[in-house]
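Student: Below is one structure. I have some questions about it.
A short reminder: the numbers here are calculations on the coordinates, not readings from a lab. Model, not experiment: these values are computed from the prediction. Note that we place each Cβ from the backbone using ideal geometry, even for glycine, and neighbour counts take in every protein chain shown.
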Amino acid sequence: MGKLRVFDPEVCKPEDYKLKYPELKRYKSFENLPGVRALIWVWYYANPTSPIRDKPKGERAKEAFKRSGYNPSFKQEMIEGKFNDDFALAIEDMSNIDPGSRYRGYKMINKILNEYENIINEGRDAFKVIHKKEGKEEVSEVDTQKYVNTSAKIAEVIPSLVKSLEEGFAVTVKEDEEEGDDFTQFDEEYFKNK
């Protein structure tokens with residue numbers, strides 16, 4: 001398994017970043033940045049799931065410039081940790097994104113979808129009702145009304161569940177090539193409990 005990422009810019013082209021994650025528009029600080037590459041720089045620098053999050057700040061800033069393609073005239077000031085108000089607010093917002101709750105939400109919706117799939121795969125048999133007749137053999141029948149109602153309800157909610165998985169959590173799993181950067185049980189526990 002790979003590394004859990006929230007708002008991962010490596011899964012799309014820079015020009016598609018805000019389309020891939022429409023939830024980013026909720027953050028005014030991100031909208032105030034001078035372009036999408038600046039936002040991607042902020043992701044690398046400040047997101048708790050960034051692959052460079054553990055590097056010292058100056059080194060992290062340089063690596064974020066390299067990976068994001070962002071090249072402002074005030075690059076050296078940013079490497080030194082001197083940010084204008086727009087960047088400071090965006091960095092604060094990005095660093096406060098909670099991967100734990102997003103991961104848990106993603107897992108819950110995924111589990112619901114899997115449970116619905118199991119019900120549909122079992123078909124009418126999932127709705128068998130067994131009756132015992134005074135010492136006689138058990139008699140089973142399908143609760144057809146319950147089957148029809150449940151199937152209709154599942155069909156009704158599947159689009160919103162899929163949409164939640166695709167858009168609502170911004171969670172992806174990235175297979176990293178870097179040695180020692182695999183998704184570990186410790187990381188999963190960290191994200192669950194964050």
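Student: Once the dipole of segment 101-167 is set up with Lys and Arg at +1 and Asp and Glu at -1 on Cβ about the Cα centre, which of Ala126, Ala155, Ile109 lies farthest towards its positive end?
Tutor: Working it through, the farthest residue towards the positive pole turns out to be Ile109.
Student: Here's another thing I want to ask about it. Take the cross-link list Lys62/Lys163; Lys82/Lys111; Lys3/Lys25; Lys57/Lys163 and give me the ones stretching past 32 Å between alpha-carbons.
Tutor: Flagged as over cut-off: Lys62/Lys163; Lys82/Lys111; Lys57/Lys163.
Student: Using 7 Å Cα-to-Cβ label points, what is the Lys75/Asn110 separation (nm, one decimal)?
Tutor: Result: 3.8 nm between the two label points.
Student: What shape does segment 7-98 take by its C-alpha gyration tensor, where a ≥ b ≥ c are the square roots of the eigenvalues and a/c under 1.5 counts as rounded, a/b above b/c as prolate, and the rest as oblate?
Tutor: rounded
Student: Stretch Cys12-Lys66 to full length: gain in nm at 0.36 nm per residue minus the Cα-Cα span?
Tutor: Result for the pair: 17.8 nm of gain on full extension.
Student: Now for a different question. About its Cα centre, how strong a charge dipole does segment 16-141 have in debye, to the nearest 20, once Lys and Arg get +1 and Asp and Glu get -1 at the Cβ?
Tutor: Numbers: 24 positive and 21 negative charges, 79 e Å.
That gives a dipole near 380 debye.
Student: Which order, highest average first, do 100-109, 48-57 follow once you tally other Cβ atoms within 10 Å for each residue and take the mean per peptide?
Tutor: Packing proxy ranking, top to bottom: 100-109, 48-57.
Student: For segment 11-57, what is the per residue volume of the convex hull drawn over the alpha-carbon atoms, in cubic angstrom?
Tutor: 84 Å³
Student: A further question on this structure: Starting from the eigenvalues of the Cα gyration tensor, five times each then square-rooted, give me the equivalent ellipsoid semi-axes of segment 77-122, largest first, whole Å.
Tutor: Working: eigenvalues 367, 11, 10 Å².
Taking √(5λ) for each Cα gyration eigenvalue gives 43, 7, 7 Å.
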